[in-house]
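Accompanying notes for the structure given below.
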Amino acid sequence: MAGTLYVVATPLGNLGDLSPRAAETLTRAAVVAAEDTRRSKTLLQHVGSRAELISFHAHSAASAQRHLFDLLMGGRDVALVTDAGTPAVSDPGAELVAGARARGIPVVTIPGPTAVGAALAVSGLPADRYLFVGFLPRKGRDRTRLLETVARSEWTVVLFEAPNRVTELLADLTAACGPARRAAVARELTKVFEETRDGTLAELAGYYAEAPARGEVTVVVAGTGKAPREPPRADPEGRARALLAEGMTRKDVAERLAEETGISRNSAYRLVNEL
């Protein structure tokens with residue numbers, strides 16, 4: 001029989017937040033797959049685990065994942081842990097879980113700390129519905145697109161960011177959302193120097209420009225509180241008539257219509273020929 005893949009949430013910083021069930025699982029598992037083996041070694045020593053520690057992170061070779069599947073299919077239980085919090089949230093754990101499920105390997109969650117929930121809880125912003133976007137791309141169109149998503153979101157948005165890039169992120173959020181949008185920056189959650197600072201994006205951008213953030217950072221941005229406007233519905237027939245009036249061939253009109261309105265090419269050809 002195959003072993004079980006345990007997805008184990010670990011403390012954000014305070015070891016007292018490790019649940020008894022998580023400690024038991026780490027002690028009982030034959031193998032622990034860890035994002036950073038140096039950090040996880042300390043945790044395993046804390047609970048008295050003698051599990052084999054294997055490195056598994058975003059830059060691991062494909063062979064590392066295959067090795068874990070071989071261990072699981074051979075009947076050994078594997079506990080997946082990340083540096084802090086819940087695995088598979090902004091780390092490669094999701095791919096491992098999906099692969100295990102595809103192979104019929106049992107997957108069990110050992111829930112616990114998560115920076116997303118912790119930051120929402122202390123932000124003072126609505127958390128009945130929220131959008132989590134994780135780490136934004138460093139630059140380019142994908143970053144711009146996600147910044148626009150944050151700006152338009154009806155709901156509170158949660159982001160992760162490295163401390164050395166928090167100032168840039170807050171400046172970009174201020175430009176995208178407007179300086180008056182409310183937000184909170186939570187850093188070093190559950191640790192000795194835990195701090196959550198709230199205010200407008202402009203205020204927070206100014207503060208962290210003068211006092212750069214340190215430690216793990218989670219940014220929470222208020223939503224607009226309004227449902228986004230739906231784009232106007234396409235009018236394929238009206239557009240087709242306009243293009244034909246410009247002198248375009250029926251074939252070219254049909255292709256343009258499919259491209260602009262999203263209807264199928266067959267539907268576009270049929271509509272144009274019926275006019």
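No value in this document is a laboratory result; all are computed from the given coordinates. Because the structure is predicted, anything quoted here is derived from the model rather than measured. Note: ideal-geometry Cβ built from the backbone for every residue, glycine included; neighbour counts use all protein chains shown.
Taking the Cα centre of the stretch 1-82 as origin and assigning +1 to Lys and Arg Cβ atoms and -1 to Asp and Glu Cβ atoms, the resulting dipole is close to 120 debye. Going by neighbour counts of Cβ atoms within 10 Å, the residues His67, His59 line up, fewest first, as His59, His67. Put simply, the amide H of Gly85, placed in the peptide plane, has neighbours under 5 Å in Thr10, Leu12, leaving out anything fewer than 5 places away on its chain. Counting only DSSP beta bridges whose two residues both lie in the stretch 5-113, roughly 5 percent are antiparallel. Database remark: amide H of Tyr6 closer than 5 angstrom to the amide H of Val78, Ala79, Leu80, Val108 (H placed geometrically; neighbours at sequence offset of 5 or more, or on other chains; Pro and chain starts carry no H).
Shown in residue order for the stretch 196-201 are the 3J(HN,Hα) couplings computed by the Karplus curve 6.51 cos²θ - 1.76 cosθ + 1.60 at θ = phi - 60°: 10, 10, 10, x, 7, 4 Hz (x for Gly and Pro). Annotation: the antiparallel percentage among DSSP beta bridges lying fully within the chain is about 45. Residue-wise HN-Hα couplings along the stretch 104-118, as the Karplus relation 6.51 cos²θ - 1.76 cosθ + 1.60 with θ = phi - 60° gives them from phi, are x, 7, x, 10, 10, 8, 10, x, x, x, 8, 5, 4, x, 5 Hz; Gly and Pro carry x. Scanning residues 5 or more positions from Glu161 or on other chains, those with amide H under 5 Å from its amide H are Val217, Val219, with H placed 1.01 Å from N in the peptide plane.
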